[in-house]
Amino acid sequence: MRLSSIFVILGAFILAMLFSIVAAGFSVQIIESSSSQGVREELDKEGLVWADADTNGLQVFLMGTAPTEAARFEALSAAGRVVDAARVIDQMNVAEAAALEPPRFSVEMLRNDAGLSLIGLMPKVTDRERFVGRILLRIGADVPVSDFMEVADFPEPEGWSEALDFAILALRDLPRSKISVEAGRVTVKAMADSPEARDEIAAELTRRAAPDVTLDLQLTAPRPVITPFSLRFLIEDGTARFDACSADSPEAQSRILEAAKAAGAAETDCVIGLGVPSGTWSQAAELGIDALAQLKGGSLTFADADISLIAAMGTPQPLFDQVIGELENALPGVFVLTAVLPKPVEAKAEDAGPPEFVATLSPEGDVQLRGRIDSEISRQTIDSYARAQFGSDDVHTAARVDSSLSQAWSLRVLAALQALAYLSNGVVTVTPDDLALSGNTGNEEARAEIARVLSDKLGEGAQFDLKVTYVEELDPAKAIPTPQECAQKITEIIGDRKITFEPGSATLDESAEDIMDELAELLKICGELPLEIAGHTDSQGREIMNLNLSQDRAQAVLDSLSSRRVLTATFRARGYGETLPIADNGTEEGREANRRIEFTLIDLEAEAAAAAEEAAAAEADQEPTEDEAAPEEETANE
């Protein structure tokens, strides 16, 4: 072969090689560019803007600082969807994790007669067993303790140990309490046995609290039960004062004291307690005090819903009539007023005027005897008879002996007292020629019976004057309230209070005993009442558990009334669980409002009608249609 041919062939090979090298370079550049661009677009699409991609030949390098390990893995996955995962080289870093925030440490101590419950989260460094042991050392080793606490491995916050120490100290003196502990803060919610004990405990805890512990005390004490709910206000010789004062709320107390101050009374106090006969007590007290101030003297006595106003002797009759008339018209309907304007008793010689004997019976049962009696033996006899009729503690005898009176005088006085006993309140006046009796009674036959007694005791032709008024409210047979009135009175008795239970149980709290006592007294009067006792809960916990708890609590109230000798045959207990909220379960206040017991009248007619409709519908569903009945008829014909 010639040399020229060899060079031609060699040159062709060299040109082909150069072309291949150039073509390969262009191909690599195209692959690198498309890979880099594709990976960047995929990363941006997934929102991984912190990551970047670079290429070197077929290899794709991922660079950047991932916020988390999961984000780094997500970037690798995104790149693997564009190019072969084997070509992806991970050169990414992961940011250092931020230090975890320590949790909020807190412990709640719930103590009642059933024992002690500990709930919350405490630092791991706190010696849990030693903490429980210190509590038992304070409250007694035999107290059951339920420990539901958790621990977290974080440093103990400042003020934590001091708060725990004080909480243990407070727990010793509070057998019914809820104590919440946080770092540097202790909240105490508890009930004391009396207002005095409450004040003493508050002072002691405040004194012993550490300077760096914030103390929030919420101590309560049951209000005393006042029976009868009474008030006595007097104006004598221009001086006004209370002998007794009762109020059902701080607002009522303020109104009554303001009225007394306007009437001239000095600073005084008014006991706040339970047992008020009506929510309009303070209004009636204000009106009565104002009326006595207008009369410028006398006494005003409240005993539940009965009011007795005795004006000062010598009060002008027109003024008395005007003031009493205005008071009677203004008083709330539940109150019954008896007003007396005493007649002057002459303190002159025994023969200076006609002799007179007066007996006054107040609505609260107090009896005053004044005037003249024929002898000391007669005075003792009449006093004993009055005490036997009206009660030994309710009779005040202020009659004087007048020996000029005949022996028949004591017989007239005894007949007068016997007639007075038929009244709920009134006054009887005895003179030699007449006997005058006036007052109120709850017995429709009282007037006829009094007339028979006086005719028999005083003899035929005796003169007596009867002004006896029948008052339906005083009639025991007609004083039974209607079911609607009973339901209203139940609402008034409960007022802004609640029937409460031990936490998470159907055991009535001791604070509910007073309410149950008052409800029992009312329901005994109401008789057979179609009443539903409904239990309600908040939405915390499982629905079925809330339903069962509400049923158990409603039944507990029913059993409590039955144990107080209330006839509960027409009552029913029903739990509604969390299905009927009256407030937002998203707040503590709302949940507290939703945890309640409600009393409602059962509409027996509506329930009977609904039951009849359900029975009719069920019967209609069971009857065969014409199409269903046809085959049976054919079979029968066959």
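What number of residues within the stretch 366-385 are surrounded by fewer than 16 Cβ atoms within 10 Å (Cβ to Cβ) and either outside any helix (DSSP H, G or I) or on the phi > 0 side of the Ramachandran plot (or both)?
Selection size over the stretch 366-385: 1.
For residues in the stretch 266-291 being among the β-branched types (Val, Ile, Thr) and in a loop (DSSP other than H, G, I, E, B), which is surrounded by the most Cβ atoms within 10 Å (Cβ to Cβ)?
Checked the stretch 266-291; the qualifying residue surrounded by the most Cβ atoms within 10 Å (Cβ to Cβ) is Val276.
Scan the stretch 125-155 for residues that are among the hydrophobic types (A, V, I, L, M, F, W, C) and assigned to a strand (DSSP E or B) and jot them down.
Val145, Phe148, Met149, Val151, Ala152
Take the conditions of a type in the set (Gly, Ala, Ser), surrounded by 14 or more Cβ atoms within 10 Å (Cβ to Cβ) and more than 18 Å from Asp290 (Cβ to Cβ) and apply them to Ala203. Does it pass?
Spelling it out, it is not the case that Ala203 is of a type in the set (Gly, Ala, Ser), surrounded by 14 or more Cβ atoms within 10 Å (Cβ to Cβ) and more than 18 Å from Asp290 (Cβ to Cβ).
So in the stretch 153-186, with the set limited to residues that are basic (Lys, Arg) and modelled with pLDDT of 90 or more, which one is nearest to Ala114 (Cα to Cα)?
Here the answer is Lys178.
Are there any helices (runs of 4 or more DSSP H) wholly within the stretch 541-638 with 3 or more residues that are closer than 30 Å to Asp517 by Cβ, at pLDDT 90 or above and not hydrophobic (A, V, I, L, M, F, W, C), and if so which?
Once the helices (runs of 4 or more DSSP H) in the stretch 541-638 are filtered for at least 3 residues that are closer than 30 Å to Asp517 by Cβ, at pLDDT 90 or above and not hydrophobic (A, V, I, L, M, F, W, C), what remains is 543-563, 588-594.
Is there any pair with a first residue in the stretch 389-403 that is surrounded by 12 or more Cβ atoms within 10 Å (Cβ to Cβ) and a second that is modelled with pLDDT under 80 whose Cβ atoms are under 6 Å apart and which are 6 or more apart or on different chains, and what are they?
Asp402/Glu350
Would you say Gln294 is out of contact with any Lys or Arg (no Cβ under 9 Å at 6 or more places or on another chain), in a helix (DSSP H, G or I), surrounded by 18 or more Cβ atoms within 10 Å (Cβ to Cβ) and not acidic (Asp, Glu)?
Taking the combined requirement at face value, the residue does not satisfy it.
Where in the stretch 83-124 are there strands (runs of 3 or more DSSP E), lying wholly inside it, with at least 3 residues that are under 30 Å from Ile135 (Cβ atoms), within 50 Å of the chain's Cα centre (by Cα) and modelled with pLDDT of 85 or more?
Fully inside the stretch 83-124 and qualifying: 106-112, 115-123.
Could you list, in sequence order, the residues of the stretch 397-417 that are touching a Lys or Arg at 6+ places or on another chain (Cβ under 9 Å) and either in a strand (DSSP E or B) or within 23 Å of Val336 (Cα to Cα) (or both)?
Within the stretch 397-417, Thr397, Ala398, Ala399, Arg400, Val401 qualify.
Can you name every residue in the stretch 362-378 that is at pLDDT below 85 and farther than 27 Å from Leu300 by Cα?
Glu376
Can you find even one residue in the stretch 176-184 that is part of a helix (DSSP H, G or I), not aromatic (Phe, Trp, Tyr) and not assigned by TED's automatic domain parsing to the domain that holds Asp509?
no
Scan the stretch 302-318 residue by residue and report those that are within 14 Å of Pro277 (Cβ to Cβ) and either surrounded by fewer than 17 Cβ atoms within 10 Å (Cβ to Cβ) or not aliphatic (A, V, I, L, M) (or both).
Scanning the stretch 302-318 gives Phe302, Asp304, Asp306.
Could you tell me which residue of the stretch 308-327 is nearest to the chain's Cα centre (by Cα), considering only residues that are without any contact (Cβ under 8 Å) to a residue 60 or more places away in the chain and within 14 Å of Pro363 (Cβ to Cβ)?
Leu309
Is it the case that some residue within the stretch 213-233 is touching a helix residue (DSSP H, G or I) at 6+ places or on another chain (Cβ under 6 Å) and closer than 24 Å to Ala312 by Cα?
Checking the stretch 213-233: at least one residue is touching a helix residue (DSSP H, G or I) at 6+ places or on another chain (Cβ under 6 Å) and closer than 24 Å to Ala312 by Cα.
Within the stretch 192-204, can one find any residue that is under 22 Å from the mean Cα position of the chain (by Cα), in contact (Cβ under 8 Å) with a residue 60 or more places away in the chain and not in a helix (DSSP H, G or I)?
Within the stretch 192-204 (the criterion being under 22 Å from the mean Cα position of the chain (by Cα), in contact (Cβ under 8 Å) with a residue 60 or more places away in the chain and not in a helix (DSSP H, G or I)), the answer is no, since none of the residues qualifies.
The values are calculated or read from the model by the stated rules, or taken from the named source; none is laboratory data. These figures come from a predicted structure and were not determined experimentally. In this analysis, Cβ positions are derived from the backbone assuming ideal geometry, glycine residues included, and neighbour counts consider all displayed protein chains.
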